[in-house]
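The values are calculated or read from the model by the stated rules, or taken from the named source; none is laboratory data. For clarity, every value in this text was computed on a predicted model and none was experimentally measured. Reconstructed Cβ throughout: ideal geometry from the backbone, glycine too, with neighbour counts over all protein chains shown. Accessible surface areas use protein heavy atoms only, side chains included; no ligands, DNA or RNA. Shrake-Rupley method; radii C 1.70, N 1.55, O 1.52, S 1.80 Å.
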Amino acid sequence: MIAEARHGVPLCFHRMKLLFNARIHTFDRARPSASALAIDGEHLLAVGGDELLAEFDGAGREDLGGRVVLPGLTDAHLHLQEYTLQSQRIDCEVDSKDEILSRLAERARRARPGEWLRGHGWNQNTWGGDWPSAADLDAVAPHNPVYLSSKSLHACWVNSLALSQAGITASTPDPAAGRILRGPGEAPRGVLTESAVKLVEQVIPEIEPADLAEQLKRVIPGLLRMGLTGVHDFDKRTCFQALQILHQRGELDLRAVKSIPLDLLPQAAGLGLRTGFGDDHLRIGPVKLFADGALGPRTGAMLEAYVDEPQNRGILVLEAEQIFEYGRLAAGSGLSLAVHAIGDRAVRAVLAGFDRLRAFEQEHGLPRLRHRIEHLQTVHPDDAGRLAELDIIASMQPAHAPSDRLMAERWLGGRAALSYAWRTQLDHGARLAFGSDAPVESPNPFRGVHAAVTRRGLDGAPGPQGWYPEQRLTVQEAFEGFILGPAYAAGMEDRLGRLSPGFLADLIVVDHDPFACEPADLAGIQPSATMLGGRWVWQ
Ligand SMILES: [Zn+2]
C-alpha cells in the first residue's frame, strides 16, 4: 500500500509502525516532548501528537498505554569481551559441591569438545572443608578442560584434561609460593593454590571468535534489557572478530563502535582504516592508548604523591611527546585517539599531546577528529577548562565515583574534590560521553545516571547530599551523557541519539518516568521494551 509522498518518497505503510499514547522524551531541543512516533523501517519518520494517527492511518499501531519513551542509551566505554566472559562463567557460589557439578554438567552439554569451561566462586568450607578433586569434574565434563577459581581467588579446582594441558604430573614440583595438592602416588589431586594456579591459567587459550560470538548472543539481550542499544567497546581483536561474525549473520542486535588497540595502529593506518568506517551497526572507533595506570594499585600518574606514599606519584606510561607522535600517525590516517588517563599528571600530559595534535591537524588541513580522554578521573584546576578549549570529549564513568569514593579519599585526600568532576567539565563546555567500564562496574546505564545525578552509591552512602554534591548533574544532563555524548563521539549525531525525524529508531519504554521519580529510584528503573532500528529487540 502506497500513501502520499512525504519528502518526495513514496511511503509503504505495511512496514510502518505508529507508537502512540506515550510520554516521549525526545532529547531534541526543538521538540523535547511528544506522544506519538511514526517509524518507517529503521528510521523515525515523524514525531508528534495525535495528529499522526490520522496522517499515518495505515501504519501498524501500538498503544503504549501512557508509558514513557526515551532514546536508547549507549555505553561509551566498556569491555564487551571481558564482561561477556565474566558473566558467562559458571557461578560456583553455591552451598554444595553437587550443585556446582550439575551446573558444570549442564554447561558441558552445550560446549564444543575441547572448549575451556570456566567458573568462579566455590568455597570448600560450605561443604565441610574437604578439598574437591579432578575426578569430581571428570565425571561430568570429560571432554572439556575445566578451570574453576575459588571465591578467594587463592585456589583453583581443575579436571584431568586441564592438568594434562598444563603438563602437571606427579613429578611436577610445587612452584615457589604455591602448592599442587596431591593424592596417592603424588598424583595431582585437581586443586592448586596460590602461585600454582598460574600453571593452569597460563595455558588457557584466548577464546575463539566464533565461541565468543555465541557467548555475545547470550549476553547482548541482557544489555538490551538494561536499556542499552549501543556500546563503545575497548576490548581487542577477538571481540572485533566476534562482532563481525554476528554482524555478517545479521544477528548483531546492538550498535557497536570498536576501538583499535595501540599496538595495531601501524597495521590499521597501513590498511587505510579510518575512524567511522563501517555502518550504523558496527564501525571503527578510536585508537586506544594508555597514559597511566589506575587508582586502586596507585599507578595513576599524579602531580603530587599519593597520601602516605611520599615517593609514589604513579606511573606515566606515555609522555606528551609520545602521545603527539602516535596522534600524528593516527590523525594523518583519519583515526581518532582515545587516551586512558586517571591521574592529573597523566591528564596534563595527554592535554599537552592533544594541544600539539590540534595544531598539527590545522597545519595539514586535516579534520578535527573526535579525540577523547577515557576516565579523566582527577584533573588539576589549571587544566579543567582545557578539554573544552581543545574540543576533546570527556569519556567518564559515573558509577566509578561512588565505588571509588573511600579509596579516592584515602589515597588522594583533598584532591578527591577534583575527581570524577563531570559538572566541572560540563560547565567549562566539554562534551561528556558516559559509560560503565564494565565489567569493572555493572553496564546498567540507569546506575550510571543515578550516580551522576545523586553522587551516591546504591546503598545511599555517603548521605542525602551525595559525595561532593557540587558535581551533581540534572537528570537531563546525565541522560545526555548516555545518549547524545556517545552519538557525538561516534560521529553519528546526525542520525543517532535524539528521537527526531530521519534518526534511527532506537528507543526504550520505561514504566517510571525518570524525570518525575525520586533521584534515589533512578538506579532501579528497568525498561519494559527496547527497540533497535525500528524493531523490538527486547520486550
Ligand atoms: Zn576500560
**Report entry** Gyration tensor (Cα) of region 462-521, equivalent ellipsoid semi-axes in angstrom
**Finding:** 27, 16, 7
**Report entry** Modelled FRET efficiency - R0 25 Å, GLU106 with LEU153, Cβ distances, 0.05 increments
**Finding:** 0.55
Query - Gain in span if fully extended, ARG495 to ASP138, counting 0.36 nm per residue against the direct Cα distance - result: 123.2 nm
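Leaving ligands and nucleic acids out of the surface, order HIS247, HIS364, HIS79, HIS143 by accessible area at 1.4 Å, largest first. Display every interim value, and only then the final one.
Numbers: HIS247 55, HIS364 105, HIS79 35, HIS143 125 Å².
Sorted by accessible area, descending: HIS143, HIS364, HIS247, HIS79.
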Query - Solvent-free Debye scattering, log10 I(q)/I(0), computed from the Cα coordinates of region 127-204 at q = 0.23, 0.24, 0.25, 0.27 Å⁻¹ - result: -1.08, -1.18, -1.28, -1.48
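Can you compute the FRET efficiency between LEU329 and GLU208 using 1/(1 + (r/R0)^6), with r the Cβ-Cβ distance and R0 = 30 Å? Round to the nearest 0.05. Write down the numbers at each step before the final one.
Values: r = 31 Å, r/R0 = 1.04.
Approximately 0.45, to the nearest 0.05.
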Report task. Measure off 7 Å from each Cα along the Cα-to-Cβ vector at ARG410 and TRP127, then give the distance between these two points in nanometres to one decimal. Result -> 3.4
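Note down the relative contact order for region 156-223 as a percent, whole number, built from C-alpha pairs under 8 angstrom at least six residues apart.
On the way: 69 pairs, mean separation 19.9, N = 68.
Rounded, it is 29 percent for region 156-223.
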Query raised in the report: Rounded to the nearest 5, what % of the DSSP beta bridges within the chain are antiparallel ones?
Result: 50
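Using mean Cβ contacts within 10 Å as the protection proxy, how do 210-216, 373-379 order, highest first? It would help to have the intermediate numbers written out before the result.
Numbers: 210-216: 19.7, 373-379: 28.0.
Per-residue Cβ counts within 10 Å, averaged per peptide and sorted highest first, yield 373-379, 210-216.
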Query raised in the report: Cα-Cα pairs above 26 Å in region 373-523: how many percent?
Result: 24
Query raised in the report: Scattering from the C-alpha atoms of region 8-117 alone, worked out with Debye: what is log10 I(q)/I(0) at q = 0.17, 0.18, 0.23 1/Å?
Result: -0.81, -0.86, -1.26
Requested in this report: For region 327-460, just the Cα set please: Rg and Dmax, both in angstrom.
Outcome: 15.5, 52
Query raised in the report: When all alpha-carbon pairs of region 310-359 are counted, what percent fall beyond 14 Å?
Result: 48
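Going highest first, how would you order 255-263, 43-51, 159-167 by mean Cβ packing within 10 Å? Spell out each step's value before the answer.
On the way: 255-263: 21.2, 43-51: 17.4, 159-167: 19.4.
Descending mean neighbour count gives 255-263, 159-167, 43-51.
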Report summary line: So ASP57 and ASP280, fully extended at 0.36 nm per residue minus their Cα-Cα distance, gain in nm 77.3 nm
Requested in this report: Pull up the cross-link candidates among the lysines for LYS97, meaning alpha carbon to alpha carbon under 23 Å and not fewer than 8 places away within one chain.
Outcome: LYS151
Report summary line: Computed over the Cα atoms of region 419-481, the Rg and Dmax in Å are 11.3, 32
Report summary line: If unit charges are put on Cβ atoms (+1 for Lys and Arg, -1 for Asp and Glu) and the dipole of region 373-464 is taken about its Cα centre, the option from MET396, THR454, GLY429 lying farthest towards the positive end turns out to be THR454
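Provide, as a two-decimal number, the C-alpha radius of gyration of region 193-242 over 2.2 N^0.38 Å, N being how many residues it has. Let's see the in-between values first.
Details: Rg = 14.8 Å, N = 50, 2.2 N^0.38 = 9.7 Å.
Dividing the Cα radius of gyration by 2.2 N^0.38 Å gives 1.52.
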Query - Apportionment of accessible area to carbon and sulfur, the chain, percent (1.4 Å) - result: 50
Report task. Give the distance, in whole Å, between the Cα centre of region 131-189 and the Cα centre of region 309-388. Result -> 46
Report task. Using all C-alpha to C-alpha distances in the chain, build P(r) with 10 Å bins and read off the rounded percent in each one. Result -> 4, 17, 23, 24, 19, 9, 3, 1, 0
Report task. May I ask you to derive the relative contact order of region 164-293, considering only C-alpha pairs under 8 Å and at least 6 residues apart, and to give it as an integer percent? Result -> 17
Query raised in the report: Can you give the calculated 222 nm mean residue ellipticity of the chain, where each DSSP H run of n ≥ 4 adds -39,500 (n - 2.57) and the sum is split over every residue, rounded to the nearest 500 deg cm²/dmol?
Result: -9000 deg cm²/dmol
Requested in this report: Return, ordered by residue number, the residues of region 472-488 whose backbone nitrogen is under 17 Å from a label point located 7 Å along Cα→Cβ of SER33.
Outcome: 475-477
Query raised in the report: What nm distance separates the two modelled labels at ARG368 and GLU93, each placed 7 Å from Cα along Cα→Cβ?
Result: 4.6
Query raised in the report: At a probe radius of 1.4 Å, what is the per-residue accessible area of ASP57, in Å² to the nearest 10?
Result: 100
Query raised in the report: Rounded to two decimals, what is Rg over Rh for region 263-399 when you use alpha-carbon atoms and the Kirkwood radius?
Result: 1.00
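Which percentage, to the nearest 5, of the DSSP beta bridges contained in region 391-539 is antiparallel?
Values: 7 of 10 bridges.
Roughly 70 percent of the beta bridges in region 391-539 run antiparallel, per DSSP.
Which value in Å does the Kirkwood hydrodynamic radius of region 283-322 take, with 1/r averaged over all unlike C-alpha pairs and then inverted?
On the way: mean 1/r = 0.0880 Å⁻¹.
That comes to 11.4 Å for region 283-322.
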Query - Distance between modelled label sites at GLU304 and THR474, nm, 7 Å Cα→Cβ extension - result: 3.4
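Per residue, how much accessible area does the chain have with a 1.4 Å probe, in Å²? Could the numbers behind the result be given before it?
Details: 22220 Å² over 539 residues.
Per residue, the chain has 41 Å² of solvent-accessible surface.
Expressed as a rounded percentage, what relative contact order does region 383-539 have, with Cα pairs under 8 Å and six or more residues apart?
Working: 239 pairs, mean separation 31.6, N = 157.
It comes to 20 percent, rounded to a whole number.
Charges at C-beta only: +1 for Lys and Arg, -1 for Asp and Glu. How large is the resulting dipole of region 49-166 about its Cα centre, in Debye rounded to 20? Walk me through the intermediate numbers first.
Values: 11 positive and 18 negative charges, 156 e Å.
Here region 49-166 has a charge dipole of around 740 debye.
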Report summary line: The ratio Rg/Rh over the Cα atoms of region 181-308, Rh being the Kirkwood inverse mean 1/r radius, stands at 1.11
Query - Between region 447-490 and region 215-246, the Cα center-to-center distance that results, in Å - result: 24
Query raised in the report: Based on the mean of other beta carbon atoms within 10 Å per residue, what is the order of 433-445, 452-464, 109-121, 15-27, most packed first?
Result: 433-445, 15-27, 452-464, 109-121
Report summary line: Taking every DSSP bridge whose two residues both lie in region 136-281, the antiparallel percent to the nearest 5 is 70
Requested in this report: Translational diffusion coefficient, Stokes-Einstein: compute it for region 81-150 using the Kirkwood radius over C-alpha pairs as Rh, at 20 °C and 1.002 mPa s, and state it as an integer in µm² s⁻¹.
Outcome: 174
